[in-house]
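The next block holds one structure in the form of structure tokens; read it before the comments.
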Amino acid sequence: RKLNLQKDTDDLTGLKNKGAIIREIERFLADEHSGKGIMYVMDIDHFKSINDTYGHDVGDDVILQFGRCLDELFTGDAIVGRFGGYEFIVFIKNKDDKDTACRFAEDIVKNCAGKVVYAEDADRISTSIGIAIYQGEEKEYSELFKKADRALYEAKADLVTRYHMAGE
């Protein structure tokens, strides 16, 4: 059991790692009783610049702080993990309405990214978020991920809200 936990856990944040995220979402999508969910794909804006300017220790601390905040914000049935590098995924089970999706995205932008500090508490990070609503159509993780990932790139162009929903 301990080995399984280790292989499914991101070393830096303690969140689920890429393999565990994919397996859990795939399992959820395969369940015929699971018909709705919300996927968030997000990354820390300008992370390379933070790492290059302040060093990898500061970069690691930024990732750790952001991951902790996501873990605190999403409790219960949500799948929360670090996809790799400075990218994160959250999947909320059994919810599919756009208002809820936007409310959580705003919480991430304000309460997580807005609280993560670096450079002696002088600077705060920002994040961009792509959102895909699952309503029973996608049968594989990769289909849903592609929608959210495309929305992430749309979000990067939106300097006001910092998030974008697939299909809008």
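The values are calculated or read from the model by the stated rules, or taken from the named source; none is laboratory data. Bear in mind that the values here come from a model prediction, so they are computed numbers and not experimental data. Ideal geometry is used to build each Cβ from the backbone, glycine not excepted, and the neighbour counts take in all protein chains shown. Just the protein is used for accessible areas: all its heavy atoms, side chains included, with ligands, DNA and RNA removed. Shrake-Rupley method; radii C 1.70, N 1.55, O 1.52, S 1.80 Å.
Below is a table of values for the structure above.
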quantity	calculated
Qualifying residue in region 53-74 (condition: surrounded by 14 or more Cβ atoms within 10 Å (Cβ to Cβ) and of a type in the set (Lys, Arg))	yes
Answer residue from region 100-123, given it is open to solvent by 40 Å² or more (accessible area, probe 1.4 Å) and of a type in the set (A, V, I, L, M, F, W, C) and is farthest from TYR163 (Cα to Cα) among those	ALA122
Selected residue [closer than 22 Å to GLY19 by Cα, of a type in the set (Phe, Trp, Tyr) and part of a strand (DSSP E or B)] from PHE66, PHE88	PHE88
Region 124-149, residues that are modelled with pLDDT under 95, on the phi < 0 side of the Ramachandran plot and exposed (fewer than 15 other Cβ atoms within 10 Å of the Cβ)	ARG124, SER126, GLN135, GLU137, LYS139, GLU140
Near pairs, Cβ below 6 angstrom, 6+ apart or cross-chain, from region 95-107 (free of Cβ contacts under 8 Å to residues at least 40 places away in the same chain and within 16 Å of LEU152 (Cα to Cα)) to any residue that is acidic (Asp, Glu) and open to solvent by 40 Å² or more (accessible area, probe 1.4 Å)	none
Selected residue (only one of TYR153, TYR134, TYR163 is among the aromatic types (Phe, Trp, Tyr) and more than 15 Å from the chain's Cα centre (by Cα))	TYR134
Enumeration of residues in region 150-168 that are within 30 Å of GLU32 (Cβ to Cβ), surrounded by fewer than 21 Cβ atoms within 10 Å (Cβ to Cβ) and not acidic (Asp, Glu)	ARG150, MET165, ALA166, GLY167
Single unsatisfied condition, THR53 versus (1) part of a helix (DSSP H, G or I); (2) within 19 Å of TYR163 (Cβ to Cβ); (3) not basic (Lys, Arg)	(2)
In region 75-85, the residues that are surrounded by 15 or more Cβ atoms within 10 Å (Cβ to Cβ) and not in a strand (DSSP E or B)	ALA78
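For (1) small (Gly, Ala, Ser); (2) under 28 Å from LEU12 (Cα atoms), each residue gets a yes or a no:
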| position | (1), (2) |
| --- | --- |
| ASP97 | no, no |
| PHE104 | no, yes |
| ASP121 | no, yes |
| GLY130 | yes, yes |
| TYR134 | no, no |
| LYS147 | no, yes |
| ARG150 | no, yes |
| GLY167 | yes, no |
